[in-house]
Amino acid sequence: MGKFPSELSELGQPAMKKSKPERDFDDAITRAAADAVHKRNSTYIAEENVLQYRHGSQWSHVDANDGKENTGTFVSHSAEFSMGVERLIERDTSTLQRFIHTMSEELHGQFVGSLFQMISEETEKIGNSVQIGPKLPDEDADQAMQDGFLEMFRKVELGISRYGTVTYPTLFVHPDNKRVLDLIEQPVPEQHQRELDSAHYAAEISAISREAGRLSRYKR
């Protein structure tokens, strides 16, 4: 969250400078709202993967795999909150809680939308996506979804934690996606389970091999 300008009013007229208690109050509310947003966002981005920039509008880094330089840009998120004058007159302190909740919910929602849009664009760009056909009327189980889930997992690269253990991805499902939710609740057919186990094993070996190659580049 950014701070509102204190030197000029909306009408372009000079505004009175805020006193230290007023500035401290503004800072406390800003921090509370920012902390609420950060806590919600941590569901999707681990704490150790969060970076903060003090200035600039873009950044660049070199890909460790192909040596290419990549440039990233920031996405702007904003939220508004309004209240009636009567709330101020009545000194309704619950307005502060509503302000923090409303701002954090709106900014978190925009963050999630930007995150999944970016993921969708990047996966489509490199072809790392799965197309699933419709369920056939005479099928007892959704075979197309089961096959798609297996194909999806075969395309996923597992990670390695700081402790050297294999980490699995988190599956996020929209509440309206009943087809995926139904698949999760269904028992896995034996043949399908064997194929999943084989894919799991291959993905784990691949992740360990990549991590060993990465560590081998560092001098001991």
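Observations on the structure shown:
- Among the residues making up region 16-55, those that are basic (K, R) and under 12 Å from the mean Cα position of the chain (by Cα) are K39, R40.
- Scanning region 83-97 for residues that are out of contact with any helix residue (DSSP H, G or I) (no Cβ under 9 Å at 6 or more places or on another chain) and under 30 Å from I45 (Cβ atoms) yields a count of 1.
- Residue in region 115-127 that is open to solvent by less than 100 Å² (accessible area, probe 1.4 Å) and more than 27 Å from E211 (Cα to Cα) present: no
- Region 189-214, subset hydrophobic (A, V, I, L, M, F, W, C) and surrounded by 15 or more Cβ atoms within 10 Å (Cβ to Cβ), residue farthest from A144 (Cα to Cα): I208
- One residue alone among S60, S82 is among the small types (G, A, S) and under 27 Å from E122 (Cα atoms), and that residue is S60.
- Index of the failed condition, V173 passing every other in (1) surrounded by 14 or more Cβ atoms within 10 Å (Cβ to Cβ); (2) in contact with a helix residue (DSSP H, G or I) (Cβ under 6 Å, 6 or more places away or on another chain): (1)
- Some residue of region 165-173 being in a helix (DSSP H, G or I) and within 21 Å of P134 (Cβ to Cβ): no
- Single residue of region 144-165 satisfying the filter (surrounded by 13 or more Cβ atoms within 10 Å (Cβ to Cβ) and of a type in the set (K, R)) that is farthest from the chain's Cα centre (by Cα): R154
- Cβ-Cβ under 7 Å pairs, at least 6 apart or on other chains, region 141-156 side basic (K, R), far side at pLDDT 90 or above: R154/A199
- Odd one out for A79 among (1) open to solvent by 40 Å² or more (accessible area, probe 1.4 Å); (2) touching a residue at least 12 places away in the same chain (Cβ under 8 Å); (3) more than 30 Å from A212 (Cβ to Cβ); (4) of a type in the set (A, V, I, L, M): (1)
- Within region 118-164, tally of residues that are out of contact with any strand residue (DSSP E or B) (no Cβ under 8 Å at 6 or more places or on another chain) and in a loop (DSSP other than H, G, I, E, B): 21
- Test: R98 is part of a helix (DSSP H, G or I), of a type in the set (K, R) and open to solvent by 90 Å² or more (accessible area, probe 1.4 Å): yes
The values are calculated or read from the model by the stated rules, or taken from the named source; none is laboratory data. Here the structure is a predicted model, which is why all the values come from computation and not from measurement. For neighbour counting, all protein chains shown are included, and Cβ atoms are generated from backbone atoms with ideal geometry for every residue, glycine included. These area figures cover heavy atoms from the full protein model, side chains too; ligands, DNA and RNA do not enter into them. Shrake-Rupley method; radii C 1.70, N 1.55, O 1.52, S 1.80 Å.
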